Ligand SMILES: [Mn+2]
């Protein structure tokens, strides 16, 4: 069997690096390095730092990335694209143009007899009111329509400022791992496997940390880092799942 790869949080287009293409080019080199033994690739969210598409227009940039994943789907690799909290507004452009399969919700999938629970991870186990409110606003159809009716000169400027602001409070300075008892996703995962004990692996992005944790004798969870600090990914060879970092 060929391998299944998982990666998340590239935040393509973000200004964390002076040249935003640094992340994109590195990520594309990684895609090049896996394309020959990959059967499927799961991109677990926050692939773009900001994405919004209109009926006839898409954001500029990302050409190397879009070209590479199109090449991969053309060659028969299944590419799954999860939306995160930064690229919620994904409609039919990516599936039509690049052949990816878009997921807006967590996915449960059996791969080679193993049961996987896959999600970006935002909104899971985090019950804070301000987070819930913003999430509801961003997912609201009327708000999305209103945003789409603005000229991009205004809406994109607002969005990039917003993304920058949320990074100041989150991404550039993300709360590190503070233990099983405090990590929302660990708490969520424990609750989930209590209801779904058949689960073998839970894989998340979102937190920008590396975590590989046994939850029970059968069930293991991973938070697979990001492409801003760790250049990390998970790979499943049909039997074993491992968390790795791309080294050139
Ligand atoms: Mn992220």
Tell me whether the stretch 153-163 contains one or more residues that are over 25 Å from residue 18 (Cβ atoms) and within 16 Å of the ligand (Cβ to nearest atom).
no
*asked:* Is it the case, given these coordinates, that residue 56 is within 16 Å of the ligand (Cβ to nearest atom) and either modelled with pLDDT under 95 or outside any loop (DSSP other than H, G, I, E, B) (or both)?
replied: no
Notebook entry, point to check: Does residue 132 satisfy the criteria of being modelled with pLDDT under 95, out of contact with any strand residue (DSSP E or B) (no Cβ under 7 Å at 6 or more places or on another chain), in a helix (DSSP H, G or I) and surrounded by fewer than 19 Cβ atoms within 10 Å (Cβ to Cβ)?
Noted result: yes
Taking the stretch 74-95 and keeping only residues that are away from the ligand (no atom under 16 Å from the Cβ), outside any loop (DSSP other than H, G, I, E, B) and under 23 Å from residue 34 (Cα atoms), one is left with 74, 78, 79, 80, 94, 95
Scanning the stretch 1-15 for residues that are surrounded by fewer than 22 Cβ atoms within 10 Å (Cβ to Cβ) and away from the ligand (no atom under 16 Å from the Cβ), the one nearest to residue 120 (Cα to Cα) turns out to be 3
Contact list, first residue from the stretch 5-24 and under 16 Å from residue 59 (Cβ atoms), second anywhere and away from the ligand (no atom under 14 Å from the Cβ) and in a loop (DSSP other than H, G, I, E, B), beta-carbon distance below 6 Å, six or more apart or interchain, is 12/62; 13/20; 13/61
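Within the stretch 36-49, is there a residue that is away from the ligand (no atom under 16 Å from the Cβ), touching a residue at least 12 places away in the same chain (Cβ under 8 Å) and out of contact with any strand residue (DSSP E or B) (no Cβ under 7 Å at 6 or more places or on another chain)?
The initial filter retains those residues of the stretch 36-49 that are away from the ligand (no atom under 16 Å from the Cβ), namely 36-41.
Going one step further and asking which of them are touching a residue at least 12 places away in the same chain (Cβ under 8 Å), we end up with 37-41.
Applying the additional criterion that residues be out of contact with any strand residue (DSSP E or B) (no Cβ under 7 Å at 6 or more places or on another chain) yields none.
The answer is no; no qualifying residue exists.
Report yes if some residue within the stretch 24-40 is at pLDDT below 95 and either exposed (fewer than 15 other Cβ atoms within 10 Å of the Cβ) or within 23 Å of residue 209 (Cα to Cα) (or both); otherwise report no.
Scanning the stretch 24-40 turns up no residue that is at pLDDT below 95 and either exposed (fewer than 15 other Cβ atoms within 10 Å of the Cβ) or within 23 Å of residue 209 (Cα to Cα) (or both).
Looking at the stretch 16-35, which of the residues that are part of a loop (DSSP other than H, G, I, E, B) and under 18 Å from the mean Cα position of the chain (by Cα) is farthest from the ligand (Cβ to nearest atom)?
Among those that are part of a loop (DSSP other than H, G, I, E, B) and under 18 Å from the mean Cα position of the chain (by Cα), it is 20.
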Across (1) in contact (Cβ under 8 Å) with a residue 24 or more places away in the chain; (2) more than 28 Å from residue 158 (Cα to Cα), residue 101 clears everything bar (1)
Per the filter on the stretch 45-93, residues under 21 Å from residue 1 (Cβ atoms) and crowded, with 16+ Cβ neighbours inside 10 Å are 72, 73, 77, 79, 80
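Per-residue answers, yes or no, for (1) touching a helix residue (DSSP H, G or I) at 6+ places or on another chain (Cβ under 8 Å); (2) closer than 29 Å to residue 71 by Cα; (3) at pLDDT 85 or above:
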residue: 107; (1), (2), (3): no, yes, yes
residue: 116; (1), (2), (3): no, yes, yes
residue: 124; (1), (2), (3): yes, no, yes
residue: 186; (1), (2), (3): no, no, yes
residue: 196; (1), (2), (3): no, no, yes
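The values are calculated or read from the model by the stated rules, or taken from the named source; none is laboratory data. Everything numeric in this text was worked out from a predicted model, so none of it was measured. For neighbour counting, all protein chains shown are included, and Cβ atoms are generated from backbone atoms with ideal geometry for every residue, glycine included.
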